[in-house]
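One structure is given here, and the rest of the page talks about it.
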Amino acid sequence: MSRTVYVNGDYLPEEEAKISVFDRGFLMADGVYEVTSVLKGKLIDFPGHMARLDRSLGELDLTLPVSHDELLAIHRKLVEANNIVEGLIYMQVTRGAADRDFTFPEDATPSLVLFTQSKALIENPAAARGIKVIAVPDQRWARRDIKTVQLLAPSLAKMEAKRAGKDDAWMIEDGFVTEGTSNNAYIVTRDGRIITRDLSNRILHGITRAAVLACARDAQMQVEERPFTLSEAQDAAEAFITSASGFVMPVVEVDGTTLGDGTPGPVAKRLREIYIAESLKHAI
Ligand code: PDD
């Protein structure tokens, strides 16, 4: 079934949507993106994604070619056109087309592309089963706080996990876990503390992370924002990841070590439920 996608002002069948071969997003990964989830046809944490988008754009001197209100209208139109009840909206802003050069024209016209993906997010079998992660070196650049489209290192890491028969990879730098290939990483200590890495340029500032930590604190759970090692993770009572596409996803194996009894832990399960309920309340 052909989707309707958005490209620079036009709503088109996906086969007809085109971007220039000179687009710097294609040639230089010169662009940023956001992924917003849809539940019951509504957008989850749209203001959070807009705030991060503005920050990413600002860091790269990119401009958004439409207003936030227009962007919201485009999201909603695509949800409607493609009948998305549950799934994701991908949005990408690149610097636009310019003859290939390492410098870019200051006045390039940015490209804006959006498309939808229909997907079961709540009844995701991986959430019931829990996922298995391997550990890999973090080979990404130093500004992971900017949500750029240069995703080759995490893509290769996830392929390595897949080929090893696992679900995802946790990236390690200077002896500490930074994050998952496309998600933030957490452990729960044997005395019930939730540990996740503190915000810096080394990780993406997850929108789901902010919401889930707020849920945890509201539920009187203890949260510590600090780096943790792979061996701490392997010794943890449980672990989980968060992202717009996975919400709270339990982790049951870390680099060959089974956590607990190898099934999703109570903290991850509870946070997943609370997060979904809260998100639905505020969806727009
Ligand atoms: N990825 N860390 C990285 C490296 C990510 O790529 C993502 C999101 C996150 C979680 O951020 P958020 O909670 O705002 O989704 C953390 C998206 C979902 C993706 O690339 O598909």
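Odds and ends about this structure:
- Checked against (1) without any contact (Cβ under 8 Å) to a residue 40 or more places away in the chain; (2) crowded, with 20+ Cβ neighbours inside 10 Å; (3) on the phi > 0 side of the Ramachandran plot, Q220 passes all but condition (2).
- Selection within the range 137-152 - over 21 Å from L53 (Cβ atoms) and surrounded by fewer than 17 Cβ atoms within 10 Å (Cβ to Cβ): P137, Q139, L152
- Meets criteria (away from the ligand (no atom under 13 Å from the Cβ) and either touching a Leu at 6+ places or on another chain (Cβ under 9 Å) or not hydrophobic (A, V, I, L, M, F, W, C) (or both)) for K147: no
- Residue count for the range 169-226 satisfying the condition of being in contact with a Phe, Trp or Tyr (Cβ under 9 Å, 6 or more places away or on another chain) and of a type in the set (F, W, Y): 2.
- Residue within the range 103-125 that is of a type in the set (V, I, T) and over 19 Å from the mean Cα position of the chain (by Cα) present: yes
- When restricted to residues that are in contact with a helix residue (DSSP H, G or I) (Cβ under 8 Å, 6 or more places away or on another chain), assigned to a strand (DSSP E or B) and among the aliphatic types (A, V, I, L, M), the range 127-165 contains 4.
Conditions tested, residue by residue: (1) crowded, with 23+ Cβ neighbours inside 10 Å; (2) within 14 Å of the ligand (Cβ to nearest atom); (3) under 15 Å from the mean Cα position of the chain (by Cα); (4) more than 24 Å from M91 (Cβ to Cβ).
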{"residue": "S155", "(1), (2), (3), (4)": "no, yes, yes, no"}
{"residue": "E160", "(1), (2), (3), (4)": "no, no, no, yes"}
{"residue": "T178", "(1), (2), (3), (4)": "no, yes, yes, yes"}
{"residue": "D191", "(1), (2), (3), (4)": "no, no, no, yes"}
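- Residue in the range 213-222 that is within 16 Å of the ligand (Cβ to nearest atom), at pLDDT 95 or above and under 16 Å from the mean Cα position of the chain (by Cα) present: yes
- Residues being within 20 Å of T116 (Cα to Cα), surrounded by 18 or more Cβ atoms within 10 Å (Cβ to Cβ) and not hydrophobic (A, V, I, L, M, F, W, C) - total across the range 16-38: 6
- Applying the criterion of at least 1 residues that are more than 21 Å from V149 (Cβ to Cβ), under 19 Å from the mean Cα position of the chain (by Cα) and within 16 Å of the ligand (Cβ to nearest atom) to the helices (runs of 4 or more DSSP H) found wholly in the range 1-102 leaves 46-59.
- D107 being of a type outside the set (A, V, I, L, M, F, W, C) and at pLDDT below 95: yes
- Filtered by the rule that a residue be touching a helix residue (DSSP H, G or I) at 6+ places or on another chain (Cβ under 8 Å) and either within 15 Å of the ligand (Cβ to nearest atom) or farther than 27 Å from L39 by Cβ (or both), the range 107-126 gives A108, S111, L114, F115, T116.
- Against the conditions (1) in contact (Cβ under 8 Å) with a residue 60 or more places away in the chain; (2) under 23 Å from F46 (Cβ atoms), L230 satisfies every one except (2).
The values are calculated or read from the model by the stated rules, or taken from the named source; none is laboratory data. No experiment lies behind these values; they were computed from the predicted model shown. So basically every Cβ, Gly included, is an ideal-geometry build from the backbone, and we count neighbours across all protein chains shown.
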